[in-house]
Amino acid sequence: MEKRRDNKGRILRTGESQRKDGRYAYKYINALGEPKFEYAWKLVPTDKTPAGKREDISLREKEQAIQKDLNDGIDTVGKKMTVCQLYAKKNSHRKNIKRNTEKGRKYLMDILKKDSLGARSIDTVKQSDAKEWCIRMNENGYAYKTISNFKRSLKASFYVAIQDDCIRKNPFDFKLSDVLEDDTEPKIALTPEQEADLLSFMESDKIYKKYRDEIIILLETGLRVSELCGLTVKDLDFQNRSINVDHQLLRDTEVGYYIEPPKTNSGIRQLPMSEKAYQAFRRISKNRKKAEPIVIDGYNSFLFLNREGLPKVAGNYEGMVKGLIKKYNKTHKDKLPNVTPHTFRHTFCTNMANRGMNPNTLQYIMGHSNITMTLGYYAHGSFVSAKAEMERLSA
């Protein structure tokens, strides 16, 4: 049987052919048993691309890559899905997510759709492309921590593609700090002196005096602000001096108020009241104004209400603390920088760690799902705490 040849007289291999316009074609069967075609203007790398045609690799080079994919069990169809499709696929593997997670997914998907990376087939994305994407995000004004979260999600998505034999390498497997400078402002913990000075200032200030007990509770319990907002009258057990934490109160512009479980399963816990917290809760319960009964996902009688008699949410405390620190700094030589409601939780945990609380106990109180997160607070020692600990061990 006479072998097929191209217009230069070269013998064509099985599956190869040449069309009338001179373009080469290669027919093969993919992993799903479907016939597929690959095209090129050059048969071998040394051929010249015809004038006016787009420069591309030769057909034989494409054949080699296809055969390698088939031999390695790579899904030749799956590897052509776009980055957006891959991200959607990864997200589909976990349902019944919290609303904030759902909003975060949509946020990143919208970003990917607007960027050229989102439309790229995953087999064409190299590590340099992933790094350039991170740089573009930085140039577009996204914070280092936000880009880091984006990168983690995309790395997980490409890991799914590797598990499904769509690709071999993960282009997002690199340290972000090798690409961008981490300009994240470190979290601060108030010193005992700063804590005392701030509470003393609030006690004497006409505007912020009424918020003092709420700040005391945050400093004495380590509660997340959304957990504080969710507290109801029924969550306080004054007889046993305990606080029941099994939900958080949130609000957004689309659905309004809503209740969710704590951030992690470990967030469901019973917290003991310190003497200061106990007295603060007593004052709040005594002075709590009666309001129209509000029921949110089955919960009512919320402890902390705004001027309109509606439950407070994180945004209320963020605005209040911002104004408090601004006013405090006007009259104090030693300024308090970067203080947010979360600073009080951070301060509580640091204080407990510096006083020698057992890490596992502190993990439980904080509602951390990972002991590593708790142990991180033991690195926030100061000269004072270090000196006290050295004296204790030397005694």
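General remarks:
- Scanning segment 58-78 for residues that are under 36 Å from the mean Cα position of the chain (by Cα) and buried (at least 18 other Cβ atoms within 10 Å of the Cβ) turns up Asp69, Ile74, Asp75, Thr76, Gly78.
- Restricting the first member to segment 364-385 and to residues that are over 24 Å from His247 (Cα atoms), and the second to residues that are at pLDDT below 80 and not small (Gly, Ala, Ser), the beta-carbon pairs closer than 8 Å and six or more apart or on different chains are Gly381/Glu389.
- Residue within segment 307-321 that is closer than 28 Å to Arg251 by Cα, outside any helix (DSSP H, G or I), touching an Asp or Glu at 6+ places or on another chain (Cβ under 7 Å) and modelled with pLDDT under 95 present: yes
- Look at segment 54-77: where a residue is part of a loop (DSSP other than H, G, I, E, B) and a partner is exposed (fewer than 12 other Cβ atoms within 10 Å of the Cβ) and not basic (Lys, Arg), sitting 6+ places away or on another chain with Cβ atoms under 6 Å, you get Ser58/Pro45.
- Restricting segment 335-368 to residues that are aliphatic (A, V, I, L, M) and assigned to a helix (DSSP H, G or I), the residue that is modelled with the lowest pLDDT: Ala353
- Here segment 87-118 is the region considered, the condition is being in contact with a Cys (Cβ under 8 Å, 6 or more places away or on another chain) and buried (at least 17 other Cβ atoms within 10 Å of the Cβ), and the residue that is nearest to Ser153 (Cα to Cα) is Leu112.
- Restricting attention to segment 152-181, the residues being outside any helix (DSSP H, G or I) and over 18 Å from the mean Cα position of the chain (by Cα) number 10.
- None of Ala31, Ala25 is in the same structural domain as Asn71 (by TED's automatic domain parsing), at pLDDT below 90 and either in contact with a helix residue (DSSP H, G or I) (Cβ under 9 Å, 6 or more places away or on another chain) or assigned to a strand (DSSP E or B) (or both) except Ala31.
- Residue match in segment 308-318 (condition: more than 18 Å from Gly230 (Cβ to Cβ), surrounded by 20 or more Cβ atoms within 10 Å (Cβ to Cβ) and among the β-branched types (Val, Ile, Thr)): no
- The residues of segment 78-131 that are polar (S, T, N, Q), in a helix (DSSP H, G or I) and under 25 Å from Tyr258 (Cβ atoms), listed by number, are Asn91, Ser92, Asn100, Thr101.
- Only one entry of Glu193, Glu227, Glu220 meets the criterion of being touching a Lys or Arg at 6+ places or on another chain (Cβ under 8 Å) and of a type in the set (Asp, Glu), and that entry is Glu220.
- Gly9 vs. criteria without any contact (Cβ under 8 Å) to a residue 12 or more places away in the chain and of a type in the set (Gly, Ala, Ser): yes
- Of all residues in segment 34-53, those being part of a strand (DSSP E or B), out of contact with any Asp or Glu (no Cβ under 8 Å at 6 or more places or on another chain) and either under 17 Å from Lys79 (Cβ atoms) or in contact (Cβ under 8 Å) with a residue 40 or more places away in the chain (or both) number 2.
- Test result for Lys36, assigned by TED's automatic domain parsing to the domain that holds Asp56, under 30 Å from Asp165 (Cβ atoms), basic (Lys, Arg) and modelled with pLDDT of 95 or more: no
- Tally, over segment 183-221, of residues that are over 27 Å from the mean Cα position of the chain (by Cα), outside any helix (DSSP H, G or I) and β-branched (Val, Ile, Thr): 2
- Selection count, segment 301-332, where residues are at positive phi and in contact (Cβ under 8 Å) with a residue 40 or more places away in the chain: 1
Table: residues versus (1) surrounded by 15 or more Cβ atoms within 10 Å (Cβ to Cβ); (2) closer than 27 Å to Cys229 by Cα; (3) touching a residue at least 24 places away in the same chain (Cβ under 8 Å).
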position: Ser153; (1), (2), (3): yes, no, yes
position: Ile167; (1), (2), (3): yes, no, yes
position: Asn170; (1), (2), (3): yes, no, no
position: Ser177; (1), (2), (3): no, no, no
position: Pro186; (1), (2), (3): no, yes, no
position: Asp197; (1), (2), (3): yes, yes, yes
position: Lys206; (1), (2), (3): no, yes, no
position: Glu214; (1), (2), (3): yes, yes, yes
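The values are calculated or read from the model by the stated rules, or taken from the named source; none is laboratory data. Keep in mind it's a predicted model, so treat the numbers as computed, not measured. Neighbour counts run over all protein chains shown; Cβ positions are idealised from the backbone, glycine included.
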